[in-house]
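Undergrad: One structure coming up, written as C-alpha cells, with questions to follow.
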C-alpha cells in the first residue's frame, strides 16, 4: 500500500548525511496556520489520509488505526493532541506523516506537508521559555524541542517522543530507579547528559538521581554540553548523548570529544531513538563507545555503571 502522491515530498531511505557534519534534513509541515518540523530520519513516508478503525478506550488524540503493508499503525491528530484549534481560513491538504523511532511506528495527521530542508543543527535554537528540564512556566513538559528561523517562517520542532509516550505509554520509561548490581559508588561519579527532548531530560534526570547519581549534569543541546565538557573541573566519568539536538548534534559532539587529546578516553554512550544499522555505522565512525536505542533507560543506567566501574570489555560492541 502506497498512497503517496507527486505533490508530497519524497521520503527515501537513502538520505544519509555524513557522520559528524552536524547536519540534518527537516520535513516541514503545517497545522492551524503554524509551521512545524520533524527530522527526516524519523520519517518513513508521507501518505494521504486513509480509512481508520477506532478501538475501545483509545486515547482522545488517536483518530484510529489502519494496516499498512502488514503493520497496524495508530494515527494521531497532532493538532488536537497539542491543544490547537483549526479554523476554516487555514488551507488544508491533509497528510499523514508515518514515523518510526523507539522501535514504534505511528502516523501523525497534519494539515499540509510542504518540503524538505537540509541545514546545520546550528540553525536550530533550543525551544524558548523553558527551564533547565524543559518545563514551561506553568510546570508542564514542553512538546517542542527547538525553533528554526527560516526566511519569513518560524518553525517549531515537535517533540514526537513525548507525544508518542503520552499516547502509547512506554513502560521502559516509567521506572523509578535501577538496582546497583555492580555496587558502583554512584554518588561520586560525574555524569554528563546531553538531551534535547524536554520529556526525556525530565525522565532521565529523575531516574538517574533516584538511582544515586547525584553529580548529574544535564544539558539541552550538544553545544551546551561541549562547553561544560571543555571547562576545567572534576574528572568526567561518563557522557550520555542523544543524536539529534539543536546547535550541535550527538555525532558531532562525539567526534569533538574523541579528537580532543585530553578527553578522548572519556566513555561516550549514544542514547537515541534514531539508532539503526546506518546510524550505528555513523556512531562507529565518530568513535562512540556504546550505542543504545531509546527507550531502554534501565539498560542505559547499567551501561553507565559499567563504564564508571572501569569495565571497558565489549564496549565497542553495540548494546542490544
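The values are calculated or read from the model by the stated rules, or taken from the named source; none is laboratory data. Not measured: the values here are computed from a predicted model. Positions of Cβ are generated from backbone atoms using ideal geometry, with glycine treated the same way; all protein chains shown enter the neighbour counts.
Undergrad: Among the residues of segment 53-67, is any assigned to a strand (DSSP E or B), at positive phi and over 19 Å from the mean Cα position of the chain (by Cα)?
TA: Taking segment 53-67 as the starting set, the residues that turn out to be assigned to a strand (DSSP E or B) are 53, 62-67.
From what's left, at positive phi: 64.
Right, trim to over 19 Å from the mean Cα position of the chain (by Cα) and you get 64.
The answer is yes, given that some residue of segment 53-67 is assigned to a strand (DSSP E or B), at positive phi and over 19 Å from the mean Cα position of the chain (by Cα).
Undergrad: Within segment 123-133, restricting attention to residues that are part of a loop (DSSP other than H, G, I, E, B) and either modelled with pLDDT of 85 or more or touching a strand residue (DSSP E or B) at 6+ places or on another chain (Cβ under 8 Å) (or both), which residue is farthest from residue 195 (Cα to Cα)?
TA: Step one: of segment 123-133, the residues part of a loop (DSSP other than H, G, I, E, B) are 127-133.
Of the ones still in play, those that are also either modelled with pLDDT of 85 or more or touching a strand residue (DSSP E or B) at 6+ places or on another chain (Cβ under 8 Å) (or both) are 127-128, 132-133.
Values: 127: 13, 128: 15, 132: 11, 133: 10 Å.
By that ranking, first place goes to 128.
Undergrad: Could you look through segment 171-206, keep only residues that are free of Cβ contacts under 8 Å to residues at least 40 places away in the same chain and outside any loop (DSSP other than H, G, I, E, B), and pick out the one that is farthest from residue 307 (Cα to Cα)? Spell out how you get there, then give the answer.
TA: So the first thing to find is which residues in segment 171-206 are free of Cβ contacts under 8 Å to residues at least 40 places away in the same chain, and the list is 171, 174, 176-177, 179, 183, 185, 187-188, 206.
Imposing the further condition that a residue be outside any loop (DSSP other than H, G, I, E, B) reduces the set to 171, 187-188, 206.
Working: 171: 25, 187: 15, 188: 14, 206: 20 Å.
My answer is 171.
Quick grid of which residues meet (1) under 17 Å from the mean Cα position of the chain (by Cα); (2) modelled with pLDDT under 90; (3) in the same structural domain as residue 246 (by TED's automatic domain parsing):
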residue	(1), (2), (3)
135	yes, yes, no
146	yes, yes, no
156	yes, no, no
160	yes, yes, no
184	no, no, yes
188	no, no, yes
199	yes, yes, yes
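Undergrad: Follow-up question, since we're still on this one. Take residue 239 and decide whether it is closer than 17 Å to residue 296 by Cα, crowded, with 22+ Cβ neighbours inside 10 Å, touching a residue at least 24 places away in the same chain (Cβ under 8 Å) and not assigned by TED's automatic domain parsing to the domain that holds residue 160.
TA: Numbers: closer than 17 Å to residue 296 by Cα: yes; crowded, with 22+ Cβ neighbours inside 10 Å: yes; touching a residue at least 24 places away in the same chain (Cβ under 8 Å): yes; not assigned by TED's automatic domain parsing to the domain that holds residue 160: yes.
Spelling it out, residue 239 is indeed closer than 17 Å to residue 296 by Cα, crowded, with 22+ Cβ neighbours inside 10 Å, touching a residue at least 24 places away in the same chain (Cβ under 8 Å) and not assigned by TED's automatic domain parsing to the domain that holds residue 160.
Undergrad: If the requirement is being over 30 Å from residue 253 (Cβ atoms), surrounded by 14 or more Cβ atoms within 10 Å (Cβ to Cβ) and modelled with pLDDT of 85 or more, which of these qualifies: 120, 61? Break it down into steps so the answer makes sense when it comes.
TA: Values: 120 fails: over 30 Å from residue 253 (Cβ atoms).
Result of the check over 120, 61: 61.
Undergrad: A follow-up question, please. Assess whether residue 72 counts as being under 22 Å from residue 246 (Cβ atoms) and either assigned to a strand (DSSP E or B) or assigned by TED's automatic domain parsing to the domain that holds residue 273 (or both).
TA: Working: under 22 Å from residue 246 (Cβ atoms): no; either assigned to a strand (DSSP E or B) or assigned by TED's automatic domain parsing to the domain that holds residue 273 (or both): yes.
Spelling it out, it is not the case that residue 72 is under 22 Å from residue 246 (Cβ atoms) and either assigned to a strand (DSSP E or B) or assigned by TED's automatic domain parsing to the domain that holds residue 273 (or both).
Undergrad: For segment 98-113, give me each residue that is in contact with a strand residue (DSSP E or B) (Cβ under 7 Å, 6 or more places away or on another chain), part of a strand (DSSP E or B) and buried (at least 18 other Cβ atoms within 10 Å of the Cβ).
TA: Answer for segment 98-113, where residues must be in contact with a strand residue (DSSP E or B) (Cβ under 7 Å, 6 or more places away or on another chain), part of a strand (DSSP E or B) and buried (at least 18 other Cβ atoms within 10 Å of the Cβ): 98, 99, 100, 106, 107, 108, 109, 110, 113.
Undergrad: Checking residue 285 against (1) at pLDDT below 95; (2) over 20 Å from residue 157 (Cα atoms); (3) surrounded by 23 or more Cβ atoms within 10 Å (Cβ to Cβ): exactly one of these is not met. Which one?
TA: Going through the list (1) at pLDDT below 95; (2) over 20 Å from residue 157 (Cα atoms); (3) surrounded by 23 or more Cβ atoms within 10 Å (Cβ to Cβ), residue 285 breaks only (3).
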